[in-house]
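Just below is one structure, and these are the notes that go with it.
Read-outs: derived from the displayed coordinates by stated rules, not from any lab. Predicted, not measured: the structure shown is a model, and the values here were computed from it. In this analysis, Cβ positions are derived from the backbone assuming ideal geometry, glycine residues included, and neighbour counts consider all displayed protein chains.
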Amino acid sequence: MSNSTNFDMNSRLQWSLFSLRLGVFIVMIMWTLDKFVNPGHSARIFEHFYGISGSTDMIAYILGAIQMLLVVAFMAGIKKRITYGIIFVMHGMSTLSSYNQYLDGFNNLLFFTAWPMWAACFALYLLRDQDVKFTVK
């Protein structure tokens with residue numbers, strides 16, 4: 001391969017990884033902001049999908065603040081092994097905890113969008129060293 005072809009392929013890879021990171025970030029930031037805008041919704045999610053009851057608004061705010069730091073660090077490409085890994089595990093727990101929705105798939109089609117996003121998180125984790133576009137060095 002010529003140098004220009006290698007450069008083109010590298011550029012395409014970097015833009016592709018950036019687009020995956022941006023897409024995952026958009027979903028994760030909305031989930032994060034939901035903890036601040038509608039903390040009661042977070043309590044219902046914790047109870048319904050994770051079996052954790054008794055969540056308060058303050059717990060939602062604290063978890064939201066921690067998640068905000070993580071999601072922003074993920075988008076910035078800071079400590080990729082840690083941030084990309086936590087995002088992958090976090091989204092995996094969310095995806096797998098929704099197993100009842102998959103059993104009644106045609107009434108819960110939107111839940112299936114979690115699978116390609118989880119795959120994107122996995123790809124980002126595996127290719128984290130090549131994901132350098134618009135990251136903190």
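The aspartates and glutamates whose alpha-carbon is closer than 12 Å to the alpha-carbon of K35, local same-chain residues fewer than 8 away aside, are D57.
The ranking of I86, I52 by Cβ neighbour count inside 10 Å, starting from the fewest, reads I52, I86. Other residues within the sphere of radius under 14 Å centred on the Cβ of A120, judged by their own Cβ, net out at +1 (K and R +1, D and E -1). With q set to 0.21 Å⁻¹, the log10 of I(q)/I(0) for the chain, from the Debye formula over equal scatterers at the Cα positions, is -1.27.
Of all aspartates and glutamates in the structure, those lying under 18 Å Cα to Cα from K133, and not within fewer than 8 positions of it along the same chain, are D8.
3J(HN,Hα) couplings calculated from phi for segment 41-47 with the Karplus curve 6.51 cos²θ - 1.76 cosθ + 1.60 (θ = phi - 60°) are, in sequence order, 4, 4, 4, 5, 4, 4, 6 Hz; Gly and Pro show x. With the alpha-carbon atoms of segment 1-81 aligned to their principal axes, the span from lowest to highest coordinate is 61, 21, 21 Å, starting with the largest. Loop-located trypsin sites (Lys or Arg not before Pro) in segment 45-133 (DSSP state other than H, G, I, E, B) with a sparse environment of at most 16 neighbouring Cβ atoms within 10 Å: K79, K133. A cut-off under 12 angstrom between Cβ atoms defines the neighbours of V132, and their net charge, with Lys, Arg +1 and Asp, Glu -1, is +3.
Positive contributions from Lys and Arg (+1) and negative ones from Asp and Glu (-1), summed over other residues with Cβ under 15 Å from the Cβ of F25, come out at +2.
Along segment 104-121 the Karplus relation, 6.51 cos²θ - 1.76 cosθ + 1.60 evaluated at θ = phi - 60°, assigns HN-Hα couplings of 10, x, 6, 9, 9, 4, 4, 5, 5, 5, 5, 5, x, 5, 5, 4, 4, 4 Hz to successive residues, with x for each Gly and Pro.
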